[in-house]
Amino acid sequence: MKSEKYIKIQTIVLILLRLVIGYHFLYEGVDKLLSPNWTSAGFLAQANWLFSDMFHFIADSPSLLTVVDFINIWGQILIGVGLILGLFSIWAAWAGALLIFLYYVAIPPFVDGFTFIDKNLFELFALLVLAVFPSSRIIGIDLLINATKKQKS
Amino acid sequence: MADKESKEGQKNQISRREVFKGLAAVPLLGVFSYDFWRRKTLEKAKRKITQLDLGLTSDAPSVLPSTSLGSSGKLVRIGIIGVGARGTALLKAAGFMQAEVYKELFDDSNNDDKRAKSKLETYYNQYVLNVQVVGICDVFDARAEKGIQIASNGIQPNGEAVDNKNVKRYRRYQDLLANPDIDAVIIATPDFHHAQMTIDAVNSGKHVYCEKAMTMTEEELNNVYQAVKKSGVVFQLGHQNSKNETFKRAKEIIDKNILGKVTLIETSTNRNSKSGAWIRHLDGNGNPKPGTPDSIDWEQWLGSTPKVPFDLERYYGWPRWFAYDTGLAGQLFSHEIDALNQVMGFGIPKSATSSGGVYFYKEDRDMPDTFQSVLEFPDREFTMLYTASLANSRSRGRVFMGHDASMIVGSGLEVIANGDSTQYRSKIKNGLIDTNVPFYTYPTNPVEIDGISSATEKYYAERGLIDTKVQGKSMDITHLHMKEWVDVIRNGGTTGCNIEKAFEDTVAVLMVHKSYVENRKVEWDHIQRKIV
C-alpha cells in the first residue's frame, strides 16, 4: 500500500482537521466516562425520526441501555484516539461518521426546526472527508504499520 | 500494540524520520490530558462554590413529611363560602376535583397530552387530608350546584370518587356557620366580604382558611385581628407562596449573606390580556357568561356596598372597582409582599408611595392598569419597588439587589455575582465566578454545558430534558398550604400565614392602596399601630 500523494498544504489541512475532530471525540468520550450519572436515555427517548422505535426501545431497557452507553462512550474514546494518533484512522473516520449519522437521524434538526443542516451534519461530512482522504500514512502510526507490512512482504 | 511491534520487530528497517512522523501526534494526547484536567478542576472549583463555599444545605428539596398527618385523626368537616374559580381550586387543594375536569384530564393524559399528564401527576401527589366538605354556600345557583357535585362525588387524589350524601347548600353564609357539624370554613368570596365572614366564622367557633386580600380597610383589619386573637381557632390566610421551596431557598441565601447587603428589591406584575385586567364577563366567543338576576342573589352579593343594578361585569370582574377590592394592591401585590416578607422577614414597611393610572383599558374601572409603589424600610436600610403593568407582559422578575450579587426569584432562582462585589472579588479575578452567568441556580442544573460539549449534550439542554430530571415530586403549593391548616386544626401548632403574618401583609396592602387612592405618601406609626 502506498501512501497518498497530496501537496503540502493539503496534507497540513487534512491532518489538522483529523486532529481537531479526534480531539472533540476524545473529549466527549472521556467527559462521559468521568460523569458517573451520564446516560443516553434522555437523548434516545427524544428520538423522533428514523429508527425512533428502536431508540425508544433501547431507552426503556436498562440492560440494553448499559450496553449502548458503553459502546457510545468507548466508541467515542477509541475514535478520538485513532484520529489523533493516526491509528487505524480510516476505520475510525468511518466509525465516527456512522455514530454521528445515528445521532443525526435520531433527532434531525428539521423535525422541530426549519433547516436540515446542523453541527452534527458538518462533523459527519468532515469525517467522510477524513475517510476518503486519509492522512495517517503521512503523519500517524498507520505509517509505521504500513512500513512494517512492507518489510514483511 | 502495533506501535510496540513496529518498534521492536522492525526497528532497524524503519527510518528515524518515519518513526518521528508516525508518532508525531502523540504529544497531542499530553496536551489533551492537561486541557481536560484543567477544565475539570475549574468546573469542580465552580461547583464547590455553589454549595460548600456558600454554606447552603444540600440541593435536594426539603423532604415532605413522609407520613400524612392529615390522614389520621378525627375527620374535619368543612364548609365553603364562594365556589368560583378560586373556590374550586381550593376544593381541589383539599382533595376534591370536579369529576368532569378529572375525566377530561384523564382522557387528555391518555392521549399523551403532557400538560394534562403533569397536572394529573401533581394531583395524585397530594396527601389525603381526611376532610369532608359538608356545606356549600354561593349566591349563584350554578356555582352552588357545581360545589355540591364536587363535594358529593368529586375525585380524590387516589383517583377514587367521593361518596358523600351529607352535602347541604346554604343560601346565606350565616346559616352555614350556624351548623354545629361544620368544624372549619374556607372563604373564597370577593374580597369585600372577607372581613365580616371571617369575624362571624371565628365567633361561631369555626377554623378559617380565608383567601387574600384579608380586609378592605384598617378598621376591618383590626376587628379581624382582635376576633381571631381572642378565639382559639386556627386561621390561615391564602398566601400559599410560603410553601414554595424556592422561597425557602431564597431566605437561606439572604440569611447566609450571599448577596451582601441588599438595599433594593424590585418586584413586578406583568400581564397583557383583558382577563388579566379583570375584564371577564364575556366567554371566549364574546358572549356574556352565565348568570341572571334570577340565578344570582344580587342583593346578597352587594352586601353593604352601594346599591347598583345587576351587572355581570361587576359580578365577574369585581376587582376593577374599589368598592369591592383594594385593586392591584389586594389582588397581586399582596402575594408579592408575602413572598418578600418571607424571604426578608421585614414585617411592616415604614412608608409607601404609590402612583399610576388607567392608561390602557378604557372600560369602566377604578383599578389602574399601570401601577407603581415604592416602599421604604429605613430600619433595615432598603427600598422595595413594586411595579405592575396590565398592558405589557414582558417578564421583569423579582430581583434582590445586594452589593455582592443579585438574586432573581421566579419559579426557581438564580444568583449572579456583581462585577464590583467585594466578597467575590478574588473569585471573580481567578475565573471561579463568571459575572455573566449565575453562579448558583435552584433547582440545580444537573448537566453542565460548556463550549465544546457535543451536539448531544446541547440537545439535552435545548430540549428541556434537564428540567425533567430534577429530583423531587411536583406538588401544588396551595394543597400544602391547605394541608398545613388542616394539620394544625388536628394536631396544634401554628400556620404559615397565621393572623400575625396576615396582619403584617395586610397593613402593607392597605398602605399601598391608600397611598394611591389619596395620592400621597402614607406611613406606618408603629407605636399607635396605625397608618398615618
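Seen through its C-alpha gyration tensor, with square-root eigenvalues sorted a ≥ b ≥ c, the stretch B:142-255 comes out oblate because a/c lies at 1.5 or above while a/b is not bigger than b/c. Residues A:Val132, B:Val343, B:Val101, B:Val233 in ascending order of nearby Cβ atoms (within 10 Å, fewest first): A:Val132, B:Val101, B:Val233, B:Val343. Taking amide H atoms as placed 1.01 Å from N in the peptide plane, the amide H of B:Arg77 lies under 5 Å from those of B:Gln132, B:Asp183, B:Ala184, each 5 or more residues away in sequence or on another chain. Here r is the Cβ-Cβ distance between B:Arg172 and B:Asp311 and R0 is 22 Å; the resulting FRET efficiency, rounded to 0.05, is 0.55.
Backbone amide hydrogens, once placed in the peptide plane, bring B:Lys168 within less than 5 Å of B:Gly135, B:Ile136, excluding anything fewer than 5 places away on its chain. Sequence-distant contacts, meaning Cα pairs under 8 Å at least 6 residues apart, place the relative contact order of chain B at 17 percent. Modelled this way, with points 7 Å down the Cα-to-C-beta line, the labels at B:Asn285 and A:Ser61 are 5.2 nm from one another. Using the Cα centre of chain B as origin and beta-carbon charges of +1 (Lys, Arg) and -1 (Asp, Glu), tell me which of B:Gly303, B:Val185, B:Thr41 is placed farthest towards the positive end of the dipole. In chain B, that residue is B:Thr41. DSSP assigns beta bridges within the protein assembly as shown; of those with both partners inside it, close to 60 percent run antiparallel.
Centroid-to-centroid, using Cα positions, the stretch A:27-79 and the stretch B:214-237 are 59 Å apart. Couplings 3J(HN,Hα) of the stretch B:311-321, computed from phi: 8, 4, 4, 5, 4, 8, x, 3, x, 6, 10 Hz, in residue order, whole Hz [Karplus 6.51 cos²θ - 1.76 cosθ + 1.60, θ = phi - 60°; x for Gly and Pro]. Couplings 3J(HN,Hα) of the stretch B:28-34, computed from phi: 4, 5, x, 4, 4, 4, 5 Hz, in residue order, whole Hz [Karplus 6.51 cos²θ - 1.76 cosθ + 1.60, θ = phi - 60°; x for Gly and Pro]. Here, the stretch A:1-102 yields an orientationally averaged convex hull projection of 7.9 nm² when only Cα atoms define the hull. Among B:Thr305, B:Thr189, a tally of other beta-carbon atoms within 10 Å of each Cβ gives an order, fewest to most, of B:Thr305, B:Thr189. Calculated FRET efficiency, B:Gln528 to B:Arg380, Cβ-Cβ distance, R0 = 22 Å: about 0.55 to the nearest 0.05. Applying 0.36 nm per residue to the separation of B:Ala323 and B:Asn491 and subtracting their alpha-carbon distance, the gain on full extension is 56.6 nm. Modelled spin-label separation between A:Lys152 and A:Trp91, with each label point placed 7 Å from Cα along the Cα-to-Cβ direction: 1.3 nm. Farthest towards the positive end of the charge dipole of the stretch A:21-148, among the residues A:Asn120, A:Ile84, A:Leu144, is the Cα of A:Leu144, using unit charges on the Cβ of Lys, Arg, Asp and Glu.
Helix A:119-132 and the long axis of chain A differ in direction by around 30°, with both axes built from C-alpha atoms.
Annotation for B:Ala99 and B:Lys230: the two label points, set 7 Å from Cα along the Cα-Cβ direction, are 4.4 nm apart.
Quick check on the stretch A:64-143: take the gyration tensor over C-alpha atoms, sort the square-rooted eigenvalues as a ≥ b ≥ c, and tell me if it's rounded (a/c under 1.5), prolate or oblate. It comes out oblate by the Cα gyration axes. Sequence-distant contacts, meaning Cα pairs under 8 Å at least 6 residues apart, place the relative contact order of chain A at 30 percent.
Among residues other than B:Asp138 with Cβ under 10 Å from its Cβ, the summed charge is +1 (Lys and Arg +1, Asp and Glu -1).
Counting Cβ atoms of other protein chains within 10 Å of each Cβ in A:144-153 and taking the mean gives 5.
Across q = 0.06 Å⁻¹, chain B modelled as identical point scatterers on its alpha-carbon atoms has Debye log10 I(q)/I(0) values of -0.37, in the order of the q list. Peptide A:41-48 is shielded by partner chain Cβ atoms: per residue, an average of 3 of them sit within 10 Å of its Cβ.
When the helices in chain B are scored as -39500 (n - 2.57) per DSSP H run of 4 or longer and the sum is shared across all residues, what 222 nm value do you end up with, to the nearest 500 deg cm²/dmol?
-11500 deg cm²/dmol
Exposure proxy shown here: for B:Thr495, B:Thr441, B:Thr506, B:Thr215, the number of other Cβ atoms within 10 Å sets the order, fewest to most, as B:Thr441, B:Thr495, B:Thr215, B:Thr506. By DSSP, the beta bridges lying fully in chain B are antiparallel in about 60 percent of cases.
Which order do the peptides B:153-162, B:279-288, B:477-486 come out in when sorted by mean C-beta neighbours inside 10 angstrom, highest first?
Final packing ranking: B:477-486, B:153-162, B:279-288.
With a Förster radius of 25 Å applied to the C-beta separation of B:Val437 and B:Leu264, the computed FRET efficiency comes to 0.70.
Amide H to amide H, with H built 1.01 Å from N, B:Leu264 comes under 5 Å of B:Thr383, B:Met401, counting only residues 5 or more places away or on other chains. A dipole drawn for the stretch B:245-474 from +1 and -1 charges on Cβ atoms has a positive end, and of B:Gly347, B:Pro368, B:Ser395 the residue lying farthest that way is B:Ser395.
Calculate the dipole size of chain B relative to its Cα centre from +1 charges on Lys and Arg beta carbons and -1 charges on Asp and Glu beta carbons; express the result in debye to the nearest 20. Charge dipole, chain B, about its Cα centre: 1600 debye, nearest 20. Rg and Dmax, both from the Cα atoms of the stretch B:245-474 and both in Å, are 22.5, 73.
When the square roots of the Cα gyration tensor eigenvalues are ordered a ≥ b ≥ c, the ratio a/c for the protein assembly as shown is 1.5 or more and a/b exceeds b/c, which makes its shape prolate. Per residue, the average separation of C-alpha pairs within less than 8 Å and at least 6 apart gives the stretch B:245-474 a relative contact order of 24 percent.
For the stretch A:90-99, putting each phi into the Karplus relation 6.51 cos²θ - 1.76 cosθ + 1.60 with θ = phi - 60° gives couplings of 5, 4, 4, 5, 4, 4, x, 4, 4, 4 Hz, in residue order, rounded to whole numbers and with x for Gly and Pro.
Any read-out appearing in this document is the output of simple, stated calculations on the displayed coordinates, not a laboratory observation. None of the values given here were measured: they were computed from a predicted structure. As a convention, Cβ positions derive from the backbone with ideal geometry for all residues, glycine included, and neighbour counts pool all protein chains shown.
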